[in-house]
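Note sheet for the following structure.
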Amino acid sequence: MKLNSIRSAILGIGMAVPSKILTNFDLEKMVETSDEWIIERTGIKERRILEDGENISKYAIEASLEALEKAKVSPKEINLIICATLTPDYLIPSLSVLVQNGIKAINAGAFDLSATCSGFIYALAMADQFIKNNPNWKILIVGAEALSRKTNWKDRTTCILFGDGAGAVVMGKSSEPEKRGIIDFILGADGSQWQLLTLKGGGSCYPPFDKRLPEDEYYIKMQGREVFKAATKMVEKTSLELLKRNNLTTKDIKLLVPHQANLRIIEYLRERLNLPKDKVYVNIHKYGNTSAASIPLALYEAEKDGKLKAGDLILLVAFGGGFTFGGALLHW
């Protein structure tokens, strides 16, 4: 097979989320808010939260093992592990190394990727390039987040948004490149607006316990209205550009699977693309915003719900702090 005819494809998918559920009614007891207000503003009804003593690596490993089982790929066959996360267990070692050890992928290289909520699409694009240059490689991508550990539970504007969980996919060369696999992707960033969504504390600029920084800067902070404006522009532009340059229209899309950040953003994009509701997958009501885990969790449940059929044209699109943004077209 010629190099330019090689396509990478998702061979198997897995997910794992904590059992603890935090509902909007629970949040009513913690901050000044209401179930009705949260649903109206975000579409979120509940989210999964790590228990005390739990680490996100546990769920990253569980999701990975399920993806491997579905792909019928042995851990020893994995050549590379890419973990998209902004909330690893530790700064050293990386989450990817903990996954590598947890699944016994003794022949795999491993690294973490930080592109916030766009991380899974960035990782997908990277895996695609690796496989095109190494057609026999099998690559494990994990999107895993413990956002509850970076959430200020006294801040009513952000604590309603985030949840924890992990999704994983095994990537490999498509056996039917005309019918299955990644077609195209877009990766982008706009660092000029970085101040709109931040987590300043804990990095090298403001190390842990640095007294120069207010305590609330050690948690996720964002300017909601401005983030909404930026996000809607990014996802619309990315989606339309991907379709245009591949001579496709929105009518060709079988399913749009967007980053699950806010139902209003998803609805805005759906309307701009003129898609019926049954062509857009939404599970934000169950998990909230899980950042890099968001799209793999949605893909997993879309397949489980019978929304994904072999050969279907799928559009993935995401945006995140930074800002980063990205999109991917693929045949399932």
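Every number here is computed from the coordinates shown, using simple stated rules; none is lab data. Here the structure is a predicted model, which means the values were calculated and not measured. Every residue, glycine among them, receives a Cβ derived from its backbone with ideal geometry; neighbour counts consider all protein chains shown.
Treating the angle as unsigned and between 0 and 90°, give the value, to the nearest 10°, between the Cα long axis of helix 119-133 and the longest Cα principal axis of the chain.
20 degrees
Once the cut-off is 22 Å, how many percent of the Cα-Cα pairs in region 3-173 end up in the long-distance tail?
That tail contains 46 percent of the Cα-Cα pairs.
Please give the peptides 95-102, 50-57 ranked by average Cβ packing (other Cβ atoms within 10 Å per residue), highest first, as a rough proxy for protection.
95-102, 50-57
Set Lys and Arg Cβ to +1 and Asp and Glu Cβ to -1, take the dipole of the chain about its Cα centre, and tell me which of 60, 136, 198 lies farthest positive.
Toward the positive end, the furthest listed residue is 136.
Could you tell me the distance between the Cα centroids of region 311-332 and region 221-236, to the nearest Å?
With region 311-332 and region 221-236 each reduced to a Cα centre, they are spaced 17 Å.
In what sequence do 270, 47 fall when counting other Cβ within 10 Å, fewest first?
270, 47
Taking only Cα atoms and a 10 Å spring cutoff, compute GNM fluctuations for the chain and point out the largest among 67, 123, 230.
230
When you take every Cα atom in region 181-331, what is the radius of gyration, and what is Dmax, the widest Cα pair distance, in Å?
For region 181-331, the Cα radius of gyration and maximum Cα-Cα distance read 17.0, 55 Å.
Find how many whole Å separate the alpha carbon centroid of region 55-117 from the alpha carbon centroid of region 149-185.
14 Å
Can you list, bin by bin at 10 Å, the percent of alpha carbon pairs in the chain, starting at 0?
All Cα pairs considered, the percentages come to 6, 27, 36, 23, 7, 1, 0.
What is the calculated FRET efficiency for residue 5 to residue 206, with r their C-beta to C-beta distance and R₀ = 56 Å, to the nearest 0.05?
0.70
Taking the 0 to 90 degree range and rounding to the nearest ten, how far is the long axis of helix 56-71 tilted relative to the main principal axis of the chain, both from C-alpha atoms?
So the inclination is approximately 20 degrees.
Only counting other Cβ atoms within 10 Å, I'd like 235, 142 sorted with the fewest neighbours first.
Going from sparsest to densest Cβ surroundings: 235, 142.
Could you work out how far helix 224-245 tilts from the main Cα principal axis of the chain, as a 0 to 90 degree angle to the nearest 10?
Roughly 10 degrees, rounded to the nearest 10.
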